[in-house]
Amino acid sequence: MEKSLKKYFPVFVLPTLIAFVIAFVIPFIMGIYLSFTKFTTVTDSKWVGIKNYVTAFSNKDFLHALIFTTYFAVISVVSINILAFLVAYFLTRGIKGSYFFRTLFFMPNLIGGIVLGYIWQVIFNGVLYRFDMTLTSNAQNGFWGLVILMNWQMIGYMMVIYIAGFQNIPRDLIDAAKVDGVTPLTAMRHVTLPLMMPSITINLFLTLTNSFKLFDQNLALTAGAPAKQTQMLALDIYNTFYSRMGWEGVGQAKAVIFFIIVAAISLTQLYLTRRKEVDA
Amino acid sequence: MKKVKSVFVSALAMLMAISAFTGCTSSSTNASSAASSAAASQESSAASSAKEIYFLNFKPEIADKYTAIADEYKQKTGVTVKVVTAASGTYEQTLKSEIAKADAPTIFQINGPVGYSNWKDYCADLSNTKLYSYLSAKNLAIKDGDGVYGIPYAIEGYGIIYNDAIMKKYFALSDKKTTVSSAEEIKNFDTLKTVVEDMQAKKDKLGIKGVFAATSLKKGEDWRWQTHLANIPFYYEFKEKDANANTISTGLAQSEVEFKYAPNFKNIFDLYLNNSSTDKKLLGSKSVNDSMAEFALGQVAMVQNGDWAWATVSSQKGNVVKSEDVKFMPIYTGMSGEEKQGICIGTENYFAINSKVSKEKQDASADFLDWLFSSTEGKKHIAELGFIAPFNTFSDSEMPTDPLCKAVLTWQNKTDVTNVEWTFGSFPSQNFKDTFGADLLQYAQGNETWEDVVNSVKDTWKSEKANSNS
């Protein structure tokens, strides 16, 4: 086994590995290198040490984006997961038309972020016009717009994972609990939830990282307006890199910081929720 | 574990390879590795002149016409012109990624002295090109020392575009509150204000939704205010500092600005906001195209924009504006002596040739530009593109014929007025303009006071200047 594994390793893994190295490892390492340099084009750079990091941390747009993104992530992770869980719960009760609704709820996830952003921009503005407002009248409008958009898009996906989780719970465990006379709420709390932990882990991970990395929807819906108040981290990095000459290195430094933050948060979350996972 | 280790080792090897690669390119001074390899392949094919050049186009609205030009040039000379067009508002980022490629643009565009300082390392000296020799006013070019690095190719003008049909209708009203009887007689801000406010009050009678088209303040659609309108107060401020110098060079030398004529900016900006088709709280969702559509459909009488806007107006479905009714009025802001002020005429379109591609490609690029601006076929295309080309190869009859371009030429030749220069070429950075635009939106929505806007403009100018110098 070990031997054949070794023998076929290059055949099966090498193509993917090469693709991975070209499309991920090289840009990643280059990116880290570039964050310590001053450059306009990526092939022509000059070492400047940690200056870019100092500028990034003293940049109030970046700090504002970090706070805004954190708020957004907290609200949307909680709302998406609760709603997706509820939808999944009801769609596994054997209600008529469950399959139809499952498909329907999943559909928004198939549309790209930019398209969604523009469509929702029109919808939101259409509604807000009645109150003499637009999405960019104040930061709250943009914030809740993003939350609603993100919920609409992500709930379907998370729902599918929760449904799979529900279907994996052995029927007899619930039945046994019923025989013991527990209320449905207690059954949920002590039987269903612990068994659902693997789905919860993966869903929290997906929603958390996606909320932090949100870019397309942000760009299309508000583009940071008014006055960069609804600009999230990814968009801030993009704008620093592309719309400010001489700030490419700072944008790169911000991207590295961004990576560290997202990695740290999601790994912590994985560790914490994994501990709660049990076997049926 | 072993595999993890081997992945790690290969990653490390990659890192070393990359650092060696970047180290080598950054230490080479005169040519990038891409350029030298391009040169090498040129030599090996033993061609005396380049067979392909690459033109990175700035104006998406005329992308098709450029492709047609490229086809014609290929038939004539056998040289392929690769035309790539950057999507609206993304020129800088497209250029940034394209120029790093081995097949880099040979002709690209810079937007003025500030653009030049960003792309200095890539701009070839054009002082020996034929195109430069055609330039009718040599002081328009971007120079640095003895070298010429950017050649302007289109003169443009902007002001308040008005629909004379609606204006005539207003001036024919018996109960108008003003003494003037035609739009040409509006010569200062006070008259303009009286006329506009009276028109706004009578908008139903005139069959319009408002006097001015929406003041588009959506992000990326606010350049008519943070760049073009802002030009006027800064023009006067810099002119006062040095009356004889070009206001762009005066502006470039300022590390701080007073924004002394901010009240004048406010005058006209408030007039736009308060006498418009659109409630000012809703402007954050309006784009330039929305405004131009309103104008084309006859829903508004005036819109601030430039000669390039004719293409949008005339191609608008349901356009009711006749070409003989479209005219320019200077943007009056209540400056003393503004009766003699003209419209804003200048350029922010400069050709540059990439100095890091092979010599053959640079020459072929210069030849292409020469052909485009001096041959009969080329000049015909330029006129069709609606460019007022500042070259002595063009006779008056070869100038574009659309009404707004003609109006610009008329204003340019007037002797009793002084046309305003495009001082905004001296604005420190795109970020300065974007911040200004965002503040204007906040002001229009009532989230910021005018003082906030003024202070923000002054602070951003200062900080952006400090940044660009470091």
Does at least one position in segment A:55-63 carry a residue that is polar (S, T, N, Q), in the same structural domain as A:Val250 (by TED's automatic domain parsing) and not in a helix (DSSP H, G or I)? yes
Filtering helices (runs of 4 or more DSSP H) wholly in segment A:192-267 for at least 1 residues that are within 14 Å of chain B (Cβ to nearest Cβ) and either touching a helix residue (DSSP H, G or I) at 6+ places or on another chain (Cβ under 6 Å) or closer than 17 Å to A:Ala73 by Cβ (or both) gives A:216-221, A:233-243
I'd like to verify a number: residues in segment A:128-167 that are crowded, with 22+ Cβ neighbours inside 10 Å, of a type in the set (A, V, I, L, M, F, W, C) and not in a helix (DSSP H, G or I), how many? 1
Hey, among B:Asp370, B:Asp434, which residue is out of contact with any Pro (no Cβ under 9 Å at 6 or more places or on another chain), modelled with pLDDT of 85 or more and not assigned by TED's automatic domain parsing to the domain that holds B:Ala311? B:Asp370
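With within 30 Å of B:Tyr350 (Cβ to Cβ), of a type in the set (D, E, K, R) and not in a loop (DSSP other than H, G, I, E, B) as the only criterion, which of B:Glu156, B:Glu184 stands out?
On inspection, the qualifying residue turns out to be B:Glu156.
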Out of (1) in a helix (DSSP H, G or I); (2) of a type in the set (A, V, I, L, M, F, W, C); (3) more than 14 Å from chain B (Cβ to nearest Cβ); (4) over 17 Å from A:Tyr89 (Cβ atoms), the odd one out for A:Val278 is which? (1)
Consider B:Gln412 carefully, then state whether it is surrounded by fewer than 18 Cβ atoms within 10 Å (Cβ to Cβ) and over 19 Å from B:Phe269 (Cα atoms). yes
Only residues that are under 13 Å from B:Leu404 (Cα atoms), of a type outside the set (A, V, I, L, M) and surrounded by fewer than 21 Cβ atoms within 10 Å (Cβ to Cβ): list them for segment B:307-346, please. B:Trp308, B:Thr312, B:Ser314, B:Lys322, B:Ser323, B:Glu324, B:Asp325, B:Lys327
Working only within segment B:54-93, note down all residues that are under 20 Å from the mean Cα position of the chain (by Cα) and assigned to a helix (DSSP H, G or I). B:Pro60, B:Glu61, B:Ile62, B:Ala63, B:Asp64, B:Lys65, B:Tyr66, B:Tyr91, B:Glu92, B:Gln93
Among residues of segment B:430-470 being in contact (Cβ under 8 Å) with a residue 12 or more places away in the chain and touching a Gly at 6+ places or on another chain (Cβ under 9 Å), the residue surrounded by the most Cβ atoms within 10 Å (Cβ to Cβ) is B:Leu441
List the residue pairs whose Cβ atoms are under 8 Å apart, where the first residue sits in segment B:191-216 and is touching a residue at least 60 places away in the same chain (Cβ under 8 Å) and within 23 Å of B:Asp290 (Cα to Cα), the second is among the polar types (S, T, N, Q) and assigned to a helix (DSSP H, G or I), and the two are 6 or more positions apart or on different chains. B:Gln200/B:Asn274; B:Gly210/B:Gln200; B:Val211/B:Gln200; B:Ala213/B:Ser291; B:Ala214/B:Ser291; B:Thr215/B:Ser291; B:Ser216/B:Ser291
Could you list, in sequence order, the residues of segment B:210-242 that are among the small types (Gly, Ala, Ser) and surrounded by 21 or more Cβ atoms within 10 Å (Cβ to Cβ)? B:Gly210, B:Ala213, B:Ala214, B:Ser216, B:Ala230
State which residue pairs qualify: first residue more than 9 Å from every other protein chain (Cβ to nearest Cβ) and inside segment A:120-136, second residue surrounded by 14 or more Cβ atoms within 10 Å (Cβ to Cβ) in any location, beta carbons under 7 Å apart, and separation of 6 or more residues or different chains. A:Trp120/A:Gly145; A:Trp120/A:Leu149; A:Trp120/A:Leu221; A:Phe124/A:Leu135; A:Phe124/A:Gly145
So in segment A:23-53, with the set limited to residues that are within 10 Å of another protein chain (Cβ to nearest Cβ) and aliphatic (A, V, I, L, M), which one is farthest from A:Met245 (Cα to Cα)? A:Val25
Where residues in segment B:195-209 are under 31 Å from the mean Cα position of the chain (by Cα) and not in a helix (DSSP H, G or I), which of them is surrounded by the fewest Cβ atoms within 10 Å (Cβ to Cβ)? B:Lys209
B:Gly157 at pLDDT below 85, more than 17 Å from B:Ser276 (Cβ to Cβ) and not basic (Lys, Arg): no
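The values are calculated or read from the model by the stated rules, or taken from the named source; none is laboratory data. From a predicted model like this one, the values you see are computed outputs, not experimental measurements. With ideal geometry, Cβ positions are generated from the backbone for all residues, glycine too; neighbour counts draw on all protein chains shown.
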